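First the structure, in the form of structure tokens, and then the observations on it.
The values are calculated or read from the model by the stated rules, or taken from the named source; none is laboratory data. Because the structure is predicted, anything quoted here is derived from the model rather than measured. All Cβ positions, glycine included, derive from the backbone under ideal geometry; neighbour counts span all protein chains shown.
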Amino acid sequence: MSRVTVAQSAGFCFGVRRAVDLAEREAAKHQTLYSYGEIIHNTHETRRLEKLGVRTAECTADIPDGAAVLIRAHGVTRAVYETLEAKGCTVYDATCPFVAKIHRIVEAESKAGRRIIILGSKNHPEVLGIAGWCQNAAIYESSEQLLQALDELGLPPETPVSVVGQTTLNRASWNISVKILKKRYTNCKIFDTICNATDERQTEARSLAGRSDCMVVIGDKKSSNTKRLYEISASLCPHVLHIEDATELGTSDIEALRGLTVGITAGASTPAWIIKEVSNMMSAETRIETNEDFAAMLEESFKTLNNGDKVTGTVIAVSPTEVQVDLGVKHTAYIPVSELSDDPSYKVEEHVKPGDEIEAVVVRVNDLEGTVALSKKRVDQLKGWETIEAAKEEHTPVEGTIIEENRGGIVATAHGVRVFIPASQTGVPKDESMAQLVKTKQTFYITEINRQRKRVVGSIRQIQQEARKAAAEKVWETIEVGAEYEGTVKSLTSYGAFVDIGGVDGMIHISELSWGRIKHPSEVVSIGDHVNVYVIALDRENKKISLGYKRPEDNPWNIFTTNFQVGDTATVKILKFMPFGAFAEIVPGVDGLIHISQIADHRIAKAEEALTIGQEVEAKIIDINDEKKKVSLSIRALLDGTDEE
């Protein structure tokens, strides 16, 4: 009797799954797709992709100019991207999002003048790629090597040091190394870049190995994370087998498993079909009995999901492009960011976190590779239809986000359902662009639903009309002559400006816009301006309101008479000449006449003999006619000391 336990985390991680999916998609589009380095560390998977047209290139020189190129999951140096760009290649980036994040970290820290320390395998493609995004990085494979090297370097304690680790680094080694660096350097920044999936996989392997008589570790010999799983298992379990596929599992090995407690785990680059092949061989050859038949248990974990199935899972990891979900089966499930929400302002990091339970719909299943693509927004749509239908039935407003503009109107998404809003119902004037609404949240009524055609029509205008009507009723209840309002200029005509004062339009006549003379209201206000106005007349029967914009305190004549009187001297600006003298500005909006006889202390024929336009001169105020709003000035009075009238 034997007991077999298969690690739940065995097989492709989502970064590897993402890379393989990308390789398959692009290989189908191109006759030849070049992979810079092995796309993942698994010979079997590399050979399978080769049959699909993915050719591995060890260096950029092996890649023809203009070719389609796939960047491996482990990432590459910045120089590789630059070379491929220079060669005119089309690049498809399969770099694991966690690795790409490390590239950004070391690049920024290096530019900031900090020393970069990378903890990981010196010759591993991932580490080489990371080192290529910064200057003079120091790489250490173990805490012992790190300690020795630091003693030899003899860097001052205040040296600015930034530390990152290979995503598959052993957690225990990382912790020891970080402790050494923190103790050595006072200005040390630690970036924990070990992948969560790696942590979980290693933790589960440690637990499984500790309670098993034998461990079977499946994965490519070049795979760093598989090697870590083997090391962890070997430190806790007396009998560990590291195999790449079922063919390496000999009859003697299988016989030796009889009566033992067996644990099985697999590296992140190990395809599901290899794990299944190993399990089938073990079941067929040894008929190992378990607390739950091994073959049946594994088969259950690989159960087929169907398109359209509604599933509930737990979020394992979140990246800028995907959310990985644990469905409790061996399928690697993921939700592309584009399938999370229709809202263009949706931010993944604000709504989805590891550990969250999430509902989704299956949209694509690959049983051979053990992956399933999910969509959350389709679940939202199913629930959303009920909400939308209830909103129409009860005539209640719905809030949604405008996601696009088209020839007939705009499209909003509300509760996961697309809602078309015709141009006439957007509330946007004909001469204005509807694009201003895109990416904004709007409230609207649902006016039409055709579920068979999946057509929903809405109206923002109805909401605005109801709001405007309610506001207008409130204004008419309280409005009176002299009341002041803050309004918005809605339109301009040759004779005035119409202003919305809260649901009701009033008009400012052109004569009320400025104390000076203007030819058109646009000289003073523009559409959309916020203005302070006051009511100067009401016609309740015809619903007309006359508004004032000019303030008595802004009247130039009042400003003048407040500051000047007869006998005062003022600095004035010559504006224009007349046969009988010159007009000069005393304050903006108030001019005075300097008669030709009051310009100079001698006889002149024309004012321009003594003055120029724009010239500023001192003049004495010799008369103020308040009734006619006229002022007489004299320069001569200041020259000869006489008071001329």
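Annotations for the structure displayed:
- For the range 191-209, filtered to residues that are at pLDDT below 80 and under 18 Å from V6 (Cβ atoms), the residue that is surrounded by the fewest Cβ atoms within 10 Å (Cβ to Cβ) is E200.
- Candidate set from the range 232-257 (those that are assigned to a helix (DSSP H, G or I) and β-branched (V, I, T)); member that is farthest from A268 (Cα to Cα): T251
- Of all the listed residues (N625, N542), the sole one being free of Cβ contacts under 8 Å to residues at least 24 places away in the same chain, closer than 30 Å to E480 by Cβ and not charged (D, E, K, R) is N542.
- When A67, A73 are checked against the criterion of being crowded, with 24+ Cβ neighbours inside 10 Å and in contact (Cβ under 8 Å) with a residue 12 or more places away in the chain, A73 stands alone in meeting it.
- Among the residues of the range 1-45, the ones that are among the β-branched types (V, I, T), in a helix (DSSP H, G or I) and in contact with a Gly (Cβ under 8 Å, 6 or more places away or on another chain) come to 0 in all.
- Taken over the range 453-512, the criterion of being assigned to a helix (DSSP H, G or I) and within 36 Å of the chain's Cα centre (by Cα) is satisfied by I460, R461, Q462, I463, Q464, Q465, E466, A467, R468.
- With respect to the conditions (1) free of Cβ contacts under 8 Å to residues at least 40 places away in the same chain; (2) closer than 16 Å to A57 by Cβ, H103 lacks only one, and its number is (2).
- Qualifying residue in the range 366-387 (condition: buried (at least 18 other Cβ atoms within 10 Å of the Cβ), touching a Pro at 6+ places or on another chain (Cβ under 7 Å) and not in a strand (DSSP E or B)): yes
- When each of S177, S121, S110 is tested for being part of a helix (DSSP H, G or I), closer than 23 Å to L229 by Cα and not hydrophobic (A, V, I, L, M, F, W, C), the lone residue that passes is S177.
- Near pairs, Cβ below 8 angstrom, 6+ apart or cross-chain, from the range 253-266 (at positive phi) to any residue that is part of a loop (DSSP other than H, G, I, E, B) and not hydroxyl-bearing (S, T, Y): G259/M1
- Subset of the range 76-127 [small (G, A, S) and surrounded by fewer than 17 Cβ atoms within 10 Å (Cβ to Cβ)]: A79, A86, G88, A108, A112, G113
Residue-wise test of (1) more than 23 Å from N450 (Cα to Cα); (2) in contact with a helix residue (DSSP H, G or I) (Cβ under 7 Å, 6 or more places away or on another chain).
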position: E349; (1), (2): yes, no
position: K353; (1), (2): yes, no
position: Q381; (1), (2): no, no
position: G384; (1), (2): no, no
position: E393; (1), (2): no, no
position: V398; (1), (2): no, yes
position: I403; (1), (2): no, no
position: N406; (1), (2): no, no
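- A single member of K353, K439, K392 is in a loop (DSSP other than H, G, I, E, B), farther than 30 Å from A272 by Cβ and basic (K, R), and it is K439.
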